[in-house]
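Take a look at the structure below.
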Amino acid sequence: MRPLWKDILISLFMGMVVPWMVLNFAAALLEEEPEIPETLPQVQETVPETVHLPMLLRLSDGSTREMDMDDYLVRVVLAEMPASFETEALKAQAVVARTYTRRAYTTGGKHGDGSICTDPACCQAYITEADYLAKGGTEESIEKIKAAVAASSGYVLTYEGALIEATYFSCSGGRTEDAAAVWGTDYPYLQSVESPGEENAAHYTDTISYDAERLEALLGLDSSRLGAVTYTEGGGVDTIVIGGTEFKGTELRRLLGLRSTAFTLTREGDTITITTKGYGHRVGMSQYGADAMAVSGSSFEEILAYYYQGTQLIRLEIDESGEMR
Ligand SMILES: [Zn+2]
């Protein structure tokens, strides 16, 4: 006869330890190939760090090549804005340049094929990192601008669902201009606004003097007698009469190569002095004004909402079918 304790041990082993081993073995098998039930919640998709958009760069020989939008924008911001500007101003600049580029890409733009050239007088300024370094720029500046472009990746400005005409310029001289006053077309979001804090800009004011005879030759006039002047909402010259001929402020700016249409003419003897305020067409975002806002604590969202009033900042994303929305 076996002792009773042996029977008890065997029963315990068969009844409890064996099933426990079987269960553990089964669990180990399951662990190797986990089966996720469909009822488990899906992991939340995180917003991508970078939104890859294509753009078309027009080279000086007229050929075009596709580039990644943000790689292109780093070169635009390097050329358009001093790297010493506040990061929020650099981000605002990146958004404005992205909006301008994207609008051209989707509507054809100035060149009809959606491309953007590297001529700042036509499209947008552009400098490669290598050229920037060769001209005395630093790696730190490039990194700062790369970070600003990445931080605003995918963001564009819209008005009533459409990409805006995102114009910008260097310095307004204290107040920006209505689009209608410069180009004859009104845009609800391109209206004249105060633009304080630009006094440090290199071309906040500029003075150029002409001998009366020289001015008459340049303008095709017999006389350079100064007549009536009318002004725009933004403080630019709307019309001015010189030698009995009326000129638009924009026309005089073009004929004489003035820095802006916000100018005054004074005459002393045979010398005519023209003093300009600001630099550029003065419509949209002032780059120096944006930096002044950033210095006083404004975010890039606030800067953009101020210079392009009534617009919405949205982030372009690619939907499930690979289409941009
Ligand atoms: Zn162009």
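Of the residues Ser195, Ser60, Ser223, ranked by 1.4 Å probe accessible area with the largest first, the sequence reads Ser60, Ser223, Ser195. Separation of segment 206-232 from segment 279-303 is 32 Å, based on Cα centroids.
From the Cα gyration tensor of segment 174-280, with a ≥ b ≥ c the square roots of its eigenvalues, which class applies: rounded if a/c is under 1.5, or else prolate if a/b is larger than b/c, or else oblate? The shape class here is oblate. Protection proxy ranking of 78-87, 104-113, by the mean of other Cβ atoms within 10 Å over each peptide's residues and highest first, is 78-87, 104-113. When you count the other C-beta atoms within 10 angstrom of each residue and take the mean per peptide, 247-256, 210-219 line up highest first as 247-256, 210-219.
The values are calculated or read from the model by the stated rules, or taken from the named source; none is laboratory data. Since this is a predicted model, take the numbers as computed values, not measurements. Positions of Cβ are backbone-derived with ideal geometry, glycine not excepted, and every protein chain shown enters the neighbour counts. For accessibility, only protein heavy atoms count, side chains too; no ligands or nucleic acids. Shrake-Rupley method; radii C 1.70, N 1.55, O 1.52, S 1.80 Å.
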